[in-house]
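The values are calculated or read from the model by the stated rules, or taken from the named source; none is laboratory data. Keep in mind that what you see is a predicted model, and the values were worked out from it rather than measured. In this analysis, Cβ positions are derived from the backbone assuming ideal geometry, glycine residues included, and neighbour counts consider all displayed protein chains. Ligands, DNA and RNA are stripped out before the accessible areas are found, and what is left, the full protein with its side chains, is counted by its heavy atoms. Shrake-Rupley method; radii C 1.70, N 1.55, O 1.52, S 1.80 Å.
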Amino acid sequence: MSATKEQAKYKIHQELGGIEMVEANFHRHNFSKHSHETYTINIIESGCQRFLSAGQNFVAPEHSIIFVNADEVHTGESGTQHGWSYRGISPTEQQFHQLASDIGFAHGFAPFFPDAVVADKQMAGELKVLFNTLSFSSNSLLRETMLYGVLTRLMLKHGKSNQVIKQQQNSNQKPAWVRQYIHEHLADNISLEHLANISGFTPFYLVRQFQKKYGLPPHSYQIQHRLQHSKTLLKQGQKVVHVATQVGFYDQSHFHRHFKKANGITPSKYANQVL
């Protein structure tokens, strides 16, 4: 299989709130368990994708839409022997929050998309037109109008109120304290015993409760948040070697391996594409 069958191209549209767009084609690549701070909305353009999201297994056939909510742990691999290709965008919670506020959707809360795979021919067609417009049109008014129009229609057709989910997530604060500590000490070599002391749980019970709430044990969650922050730093033009150290990867090969498993390309290639 040619190396061209394993590729992903990322582009950041700064004038559209920094929204990220990806065009990818994979055959053998298996995405590790990972999450994003943003939503992920993809169209399967050929082949079929098999993936885990929010603890459930899904298969997304050609022309279907995939929704992954912000911070939702998921994977990805080919559902056929021939691989799969897709295009997608990653709207932020703030963008959806603004749209929801503008139209009075769900009391202004950013939506939750309950269905990971959706067969919606009309919206799939609109997304494809949007992707083509973002790729080839320089008309700013057209690009903005189309993006926010499509996101609004997706939210109204397939989104639900996120208020109840946010309340459920906030019902047990101890894992949230641990999560916040990981965020604030991202580059530190934190021990499980130290996190257990913060939460008041035993180490074993903390791992169970943290994974139940966030979909990953603390160590894996730490790696994913390091990867998320590394993308932000790479978009700012910082050197890969400095980014790796800043977010806590003291072994360059370790950083490259985890980044590629989660994003489909190396951090160097990602940086070259988004700058």
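Before moving on, here are some points about what is shown:
- Remark: the Cα gyration tensor places region 175-275 in the prolate category, a/c being 1.5 or greater and a/b exceeding b/c.
- Whole-number accessible area per residue in Å² for the chain, which is evaluated in the context of all protein chains at 1.4 Å: 49 Å²
- Rg(Cα) / (2.2 N^0.38 Å) computed for the chain, rounded to two decimals: 1.01
- Surface share of carbon and sulfur [accessible, 1.4 angstrom probe, percent] for the chain: 51 percent
- Summary value for region 118-262: 16 percent relative contact order, contacts being C-alpha pairs under 8 angstrom separated by 6+ residues.
- Thr232 versus Arg208: modelled label distance in nm, points set 7 Å from Cα along the beta carbon direction: 3.3 nm
- The simple spin-label model puts a point 7 Å past each Cα toward its Cβ; for His219 and Asp188 those points are separated by 1.9 nm.
- Overall form of region 17-169 per C-alpha gyration tensor (a/c, 1.5; a/b vs b/c): oblate
- One Cα centroid belongs to region 139-161, the other to region 181-203; the line between them spans 40 Å.
- Available extension along the chain between Gln56 and His82 is 7.0 nm, counting 0.36 nm per residue and deducting the alpha carbon span.
- Each helix, a run of at least 4 DSSP H residues, gives -39500 (n - 2.57); summed and divided by the residues of the chain, these come to -14500 deg cm²/dmol at 222 nm.
- Length added when fully stretched, Lys239-Arg28, from 0.36 nm per residue minus Cα-Cα: 73.1 nm
- If you run the Gaussian network model on the chain, springs between alpha carbon atoms under 10 Å, then out of Ser161, Ser220, Ser137 the most flexible one is Ser137.
- Taking a straight Cα-Cα cut-off under 21 Å and skipping sequence neighbours fewer than 8 places away in the same chain, the lysines within cross-link reach of Lys231 are Lys9, Lys11, Lys33, Lys239, Lys260, Lys261, Lys269.
- Modelled spin-label separation between His254 and Ala176, with each label point placed 7 Å from Cα along the Cα-to-Cβ direction: 3.1 nm.
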